[in-house]
Amino acid sequence: MEAGPPGSSRPAEPGPCLSGQRGADHTASASPQSVAGTELGRHPQAVAAVLPAGGCGERMGVPTPKQFCPILERPLISYTLQALERVCWIKDIVVAVTGENMEVMKSIIQKYQHKRISLVKAGVTRHRSIFNGLKALAEDQINSKLSKPEVVIIHDAVRPFVEEGVLLKVVTAAKEHGCSDYDLEFGTECLQLALKYCCTKAKLVEGSPDLWKVTYKRDLYAAESIIKERISQEICVVMDTEEDNKHVGHLLEEVLKSELNHVKVTSEALGHAGRHLLQIILDQCYNFVCVNVTTSDFQETQKLLSMLEESNLCILYPVVVVSVHFLDFKLVPPSQKMENLMQIREFAKEVKERNILLYGLLICYSQDDQKLQESLRQGAIIIASLIKERNCGLIGQLLIA
Ligand SMILES: Nc1ccn([C@@H]2O[C@H](COP(=O)(O)OP(=O)(O)OP(=O)(O)O)[C@@H](O)[C@H]2O)c(=O)n1
Ligand SMILES: O=C(CO)[C@H](O)[C@H](O)COP(=O)(O)O
């Protein structure tokens, strides 16, 4: 990633920042640097980004160019766009794609509701693709919806984990620094070109470990693990009653808290028309454990599923819902309960279409405290693993703790 002005070597002024837009995704780049972003807010500065995305991904060894390879069923490039798009002070994002992938790219933009994106044709090399993006930004076209930037961030479309802080560092460096011998010695490809041909002032800025590039097939697995970990940091336990503190759901919540001590576990009731729950959904919690005790088998789970379906939460990441049911195996034979619970397979199939992964969990409710604790612990382990793995093959299955 480099920053450089298109057609001008004038260092740019930083621009206003409205970090923390509603609906922006916190998992894409948790934003401790939003504070830094507000620094940009004090000075007007036009920043754009060019994403070269015209490669064929030879080293990946698969027919699909790596930028379009799916991670959790969403193309890699969509994660990169999401990471840049949530940085509010980047006004335009220009993506260079080959003619044959133009329609694919347009459908990705539409499906995942990306904003501020323009497309240009890629070139035969990465540098030519970047050049085409810069030309589009520099052109004086009357109908162009692009604003002329003072600083352009160049970022490979296959580096999905870029953070706002590092982008800010690059943009600030573009403004403040001249070039040094060190930069000349260790500068990367684009930096060398800028120095050699444009007399552009330049500075090498230290990146973060997250800036790595997806190059080989194994990198797709690594990226998937990172994304799964990011969206598994919060679980909401949804209760079917509001007042009862002794509700078995609260016991489950306690066990989840002690078993998953790095995860934030909250609980909420579906009462009050689910207003609090709606807020949790808006705050982008991607994991729900729905406890059905006082109501009929799937009543609460279905209410929760409807709320999730109505929200936009599932567009970017698969949401996990574990429908939990308790049964005293001594009093009621499991086979009797199972019959009703088997409906979960149909529900799961339906909601999978909307990117919701629904699993069933039957927990043995024993009158013996110790045995109950053991079942709850087993249940918590199963829940943790379902959330961590997000295994599509297990949807609609009824697991037993
Ligand atoms: N003609 C090209 C070649 C590459 N790129 C882009 O430049 C970035 C970094 O390049 P690289 O990792 O080398 O991608 P590929 O060329 O696709 O990979 P490979 O070298 O394995 O073929 C990628 O986002 C890639 O799509 C581009 O826009 N136009
Ligand atoms: O990884 C690459 C290609 O494989 C890029 O070329 C790499 O980012 C080069 O750095 P820059 O162009 O930013 O100087």
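The values are calculated or read from the model by the stated rules, or taken from the named source; none is laboratory data. Quick caveat, the model's predicted, so the values are computed rather than measured. Here Cβ is always computed from backbone atoms with ideal geometry, including for glycine, and neighbour counts include all displayed protein chains.
May I ask you to verify whether VAL158 is over 30 Å from ILE231 (Cβ atoms), within 10 Å of ligand 1 (Cβ to nearest atom) and assigned to a loop (DSSP other than H, G, I, E, B)? No: the conditions fail for VAL158. Within segment 370-387, being within 14 Å of VAL320 (Cβ to Cβ) and surrounded by fewer than 17 Cβ atoms within 10 Å (Cβ to Cβ) holds for one residue alone: SER385. Restricting attention to segment 122-176, the residues being hydroxyl-bearing (Ser, Thr, Tyr) and modelled with pLDDT of 90 or more number 2. Picking from residues in segment 201-215 that are over 13 Å from VAL171 (Cα atoms) and of a type in the set (Val, Ile, Thr), the one that is farthest from ligand 1 (Cβ to nearest atom) is VAL214.
Taking (1) more than 16 Å from ligand 1 (Cβ to nearest atom); (2) surrounded by 19 or more Cβ atoms within 10 Å (Cβ to Cβ); (3) at pLDDT below 95 in turn, ILE227 satisfies each apart from (3).
Consider segment 53-80. How many of its residues are charged (D, E, K, R) and either over 23 Å from the mean Cα position of the chain (by Cα) or in a strand (DSSP E or B) (or both)?
Applying the first criterion (charged (D, E, K, R)) to segment 53-80 yields 58-59, 66, 73-74.
From what is left, the residues that are either over 23 Å from the mean Cα position of the chain (by Cα) or in a strand (DSSP E or B) (or both) are 58-59, 74.
Result for segment 53-80: 3.
Of the residues making up segment 81-90, at least one is within 16 Å of ligand 2 (Cβ to nearest atom), under 18 Å from the mean Cα position of the chain (by Cα) and assigned by TED's automatic domain parsing to the domain that holds CYS56. Taking residues in segment 130-149 that are within 19 Å of ALA194 (Cα to Cα), and partners anywhere that are part of a loop (DSSP other than H, G, I, E, B), the pairs with Cβ atoms closer than 6 Å and at least 6 places apart or on different chains are ASN132/GLY123; LEU134/PRO6; LEU137/PRO6; LEU137/LEU146; LEU137/PRO149; ALA138/PRO6; ALA138/GLY7; PRO149/ALA46. Does segment 126-137 contain any residue that is at negative phi, of a type outside the set (Phe, Trp, Tyr) and more than 29 Å from the chain's Cα centre (by Cα)? Yes, there is a match, as at least one residue in segment 126-137 is at negative phi, of a type outside the set (Phe, Trp, Tyr) and more than 29 Å from the chain's Cα centre (by Cα).
The set of residues in segment 119-149 being crowded, with 23+ Cβ neighbours inside 10 Å, away from ligand 2 (no atom under 14 Å from the Cβ) and of a type outside the set (A, V, I, L, M, F, W, C) consists of PRO149 alone.
Does MET338 satisfy the condition of being over 30 Å from ALA83 (Cα atoms) and part of a helix (DSSP H, G or I)? Against the criterion (over 30 Å from ALA83 (Cα atoms) and part of a helix (DSSP H, G or I)), MET338 qualifies. Filtered by the rule that a residue be within 16 Å of ligand 2 (Cβ to nearest atom) and not hydrophobic (A, V, I, L, M, F, W, C), segment 65-80 gives PRO65, LYS66, GLN67, THR80. Any residue in segment 357-369 that is under 23 Å from the mean Cα position of the chain (by Cα), assigned by TED's automatic domain parsing to the domain that holds ASN287, among the polar types (S, T, N, Q) and surrounded by 15 or more Cβ atoms within 10 Å (Cβ to Cβ)? Looking for residues that are under 23 Å from the mean Cα position of the chain (by Cα), assigned by TED's automatic domain parsing to the domain that holds ASN287, among the polar types (S, T, N, Q) and surrounded by 15 or more Cβ atoms within 10 Å (Cβ to Cβ), one finds none in segment 357-369, hence no. Limited to segment 347-381, what total is found for residues that are in a helix (DSSP H, G or I) and without any contact (Cβ under 8 Å) to a residue 60 or more places away in the chain? Looking only at that region, the number is 12.
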